[in-house]
Every structure is written in structure tokens, then in C-alpha cells.
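Everything on this sheet refers to the single structure shown next.
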Amino acid sequence: MLNAVYRLVEPRKFETEFTDIDLTDDKVIIRPTHLSICNADQRYYQGKRAPEVLKKKLPMALIHEGIGYVVHDPEGEFKEGEYVVMIPNTPVEKDDIIAENYLRSSKFRASGFDGFMQDNVAMGRDRIVRLPKNIKKEVAAFTEIASVSYHAISRFQRFSHERRNHIGVWGDGNLGFITALFIKYRMPDTKLSIFGIDNDKMSNFTFADATYHVDEIPEDLRVDHAFECIGNAASGVAINQIIDNYINPEGTISILGVSENPVPIDTRMVLEKGLRIFGSSRSGRKDFEEILDFYDKNPEVVNYLDYLVGEVIDVRDIRDFTKAFEADIHKAGGKTIMVWNK
């Protein structure tokens, strides 16, 4: 089966390459329809990764957040035209202790190999999950980033002590919004406070109990645990603000923001307070299954997430991909969704 793959060959330049999909393999063929642009995609597109990284990774098809419909399933488990969410993490081994998304041998689409910018994608049947019919497709497109937040909260519930009277989320962007929303619905009895820099963005956190500009936090405010959802150099500032000023002793800090460079952390105060800090990255099949069930049982959560749908751009050819990525750079907020109508 002839297939077109749209690869980034250098910053801001896509090219089409034709490959062949072997239909005799036990793979399910998916036609991508709704693709969400992630900050990681933009770092490649804009050439913001280190030159040696770009040299190693490119050419590569971008996008690891997306859904599509089934074109072919040799076993008939999935019906033709049935919509599924595609899982970008691709493990090659199983470990009884280490989750699939932390195994160093696992591959990840749009990082270690081609992502979803293809006419058709051959997926292992364990790498797709049926999409419930009542979930809006534009929201379903960014299930992957939502699954990362869901995964981090599940780990937090395992790692943290049980005094969860007050949790703080640092970050008012997409990741902060998703993480805070899930915390509120999964731990409804916990007071939830948001800490950010954009009062307009924070006004959309209507489900939270309180919002604070990071420069105007009451001196006596304390949280039992905290989630950092900022990333880059500012993540170090946020983490140290949590450590030094606002988290109670023996609290847990969940780090979710991605930084290209190391950031300093006040380890002396970590020791004095007996804090627990853990990081979370990516997700696995179990997280996708659980979050789609979570959506199905809590449709109001999907309604809240619909707020994050920003630009919705029709894509018909390779030039439209460039337009979508350029539009995403200048967006006011939310997620840019490419609806592929080829």
C-alpha cells in the first residue's frame, strides 16, 4: 500500500516522501483526521532543539497527538471507519516494575521515529483505543497531553501522603489547565489553587477554588502538595517558590514542565522540609484507556476541555501544514487542531 509521509527535513520545511505499508503485517491502518500541535512539535519546526539533536532526528514526520479512523484491520477487530485514539509511545519490551513510557528502549512517535503526519499510519492494535462516540473530536485530538496529566495524578496518588487539604498548581497554560481540571474532578474534596502570571488565562479556571498571580501570593498561604506545569527556565523559579515559601513539610511536588536546560533547585530546603519530588513524562495504554473512560463518565470535563480548542485549521496539502504551524506560533492560547480533509 503506497503511503505519503510528510516529513520535516529542516526547520520550517516539510517534504513528501512515499513509502510502502505491508498489508500482510498484523497492523491496523489508520487514516489520521484530527491532529493537535504540541510545543515539542514546535521546537522541532522552529529549530529550537540543539543542532546535534536536529541532525540526529530529522527528517521526521511530526505530531504525536491525534485521532483517526480505521482503514484496514486484517483481523476485523476494528470496523472500517471506526474512530480511534492513537498512542504515540511504542514499547518493544515489557517490565514488571517500569512503566512502558519510562523504558529507555521504548520509541515515541515524532521523537524517535515518524509521527502522525502521514496519509495512513500502520499501528499495532495495542497502540489504538476506541474513541467513545460522545467525545468531541477536536478535544479527543489532544488526548495524549491530557493522558500525561492523568498519569501524573495517578502517580501522585501513589506517592504522596494522605493529607491533601490544599493542592496548588503552578502554571496557567494548557498543561496547567488540564492538570488542575483533572485534580478537581479526581479529588473533589481538596481545595485547589492556581498560581500563574496571566490573570486573563486564570479567569478561565472557573472550577478552581482560588487563583493567584505569582507575585501576589499571601505570605501565610500554604499547600500540602504542588504540581509544576510551566517548563523551560521559569520552571526553576516556580519550583523554588514552592519549596522555599508555600509547601508544607513532607509535601510532594510533581514536576511536569519540560525544560531544555538544567534548572537550579534549592536542595537545602528540600532536605529541611523532607519534601518528595517526582517527575512524570508521557503515558501508556493504561492511561489512555482510563482517561477515555473518565471522559465518558464525566462529560462536563470534556466541555471544560473544549475551551482549550483554539485554532481549527483545515489541512488539504503540505502547504497547509506550514500554515497551521505558523498560525500556532502566533496563537493567543489553546491548542491548534489540524482537521485533515484530504
**Of all residues in segment 106-120 being surrounded by fewer than 22 Cβ atoms within 10 Å (Cβ to Cβ) and assigned to a loop (DSSP other than H, G, I, E, B), the one that is nearest to the chain's Cα centre (by Cα)** = Ser111
**Fill in**
Per the list (1) in contact with an Asp or Glu (Cβ under 6 Å, 6 or more places away or on another chain); (2) aromatic (Phe, Trp, Tyr); (3) surrounded by fewer than 16 Cβ atoms within 10 Å (Cβ to Cβ), residue check on Trp170 breaks on (3)
**Item:** Leading residue by the ranking (nearest to the chain's Cα centre (by Cα)) among those in segment 174-218 that are among the aromatic types (Phe, Trp, Tyr) and more than 19 Å from Gly231 (Cβ to Cβ)
**Value:** Tyr185
**Asked** Within the set of pairs 6+ apart or on separate chains, which have a first residue in segment 230-251 that is within 16 Å of Gly173 (Cα to Cα) and open to solvent by 40 Å² or more (accessible area, probe 1.4 Å), a second that is of a type outside the set (D, E, K, R) and in a strand (DSSP E or B), and C-beta atoms under 7 Å apart?
**Response** Ile230/Trp170
**Residues located in segment 138-184, provided they are farther than 26 Å from Lys331 by Cβ and assigned to a helix (DSSP H, G or I)** = Ile153, Ser154, Arg155, Phe156, Gln157, Arg158, Phe159
**Scan of segment 218-243 for residues that are under 26 Å from Asn261 (Cβ atoms) and in a loop (DSSP other than H, G, I, E, B), ordered by number** = Cys229, Ile230, Gly231, Asn232, Ala233
**Prompt:** Which residue, of Glu100, Glu52, Glu15, Glu10, is in contact (Cβ under 8 Å) with a residue 40 or more places away in the chain, out of contact with any Phe, Trp or Tyr (no Cβ under 9 Å at 6 or more places or on another chain), acidic (Asp, Glu) and farther than 26 Å from Asp293 by Cα?
**Reply:** Glu10
**Complete:** Result of the Cβ filter at 6 Å on segment 127-138, keeping first residues that are within 21 Å of Val312 (Cβ to Cβ) and modelled with pLDDT of 95 or more and partners that are acidic (Asp, Glu) and not in a strand (DSSP E or B), at least 6 apart or interchain, is none
**Message:** Is it the case, given these coordinates, that Lys55 is within 17 Å of Asp119 (Cα to Cα) and among the basic types (Lys, Arg)?
**Reply:** no
**Request:** Kindly list, by first and then second residue, each pair from a residue in segment 293-307 that is farther than 14 Å from Phe207 by Cβ to a residue that is charged (D, E, K, R), limited to pairs with Cβ atoms under 9 Å and residues at least 6 apart or on different chains.
**Result:** Phe294/Arg186
**Request:** Would you confirm whether any residue within segment 255-264 is assigned to a strand (DSSP E or B) and in contact with a Lys or Arg (Cβ under 7 Å, 6 or more places away or on another chain)?
**Result:** no
**Fill in**
Scanning segment 252-288 for residues that are farther than 30 Å from Ile128 by Cβ, touching a strand residue (DSSP E or B) at 6+ places or on another chain (Cβ under 8 Å) and in contact (Cβ under 8 Å) with a residue 40 or more places away in the chain, the one least open to solvent (accessible area, probe 1.4 Å) turns out to be Thr252
**Residue count for segment 214-229, restricted to those that are within 18 Å of Asp172 (Cβ to Cβ) and in contact (Cβ under 8 Å) with a residue 40 or more places away in the chain** = 6
**Request:** Kindly indicate which of Ile243, Ile230, Ile194 is more than 23 Å from Ser147 (Cβ to Cβ) and in contact with a strand residue (DSSP E or B) (Cβ under 8 Å, 6 or more places away or on another chain).
**Result:** Ile243
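The values are calculated or read from the model by the stated rules, or taken from the named source; none is laboratory data. Note that this is a predicted model, so its numbers are computed, not measured. Backbone-built Cβ (ideal geometry, glycine too); neighbour counts: all protein chains shown. Heavy atoms of the whole protein, side chains included, go into the accessibility calculation; ligands, DNA and RNA do not. Shrake-Rupley method; radii C 1.70, N 1.55, O 1.52, S 1.80 Å.
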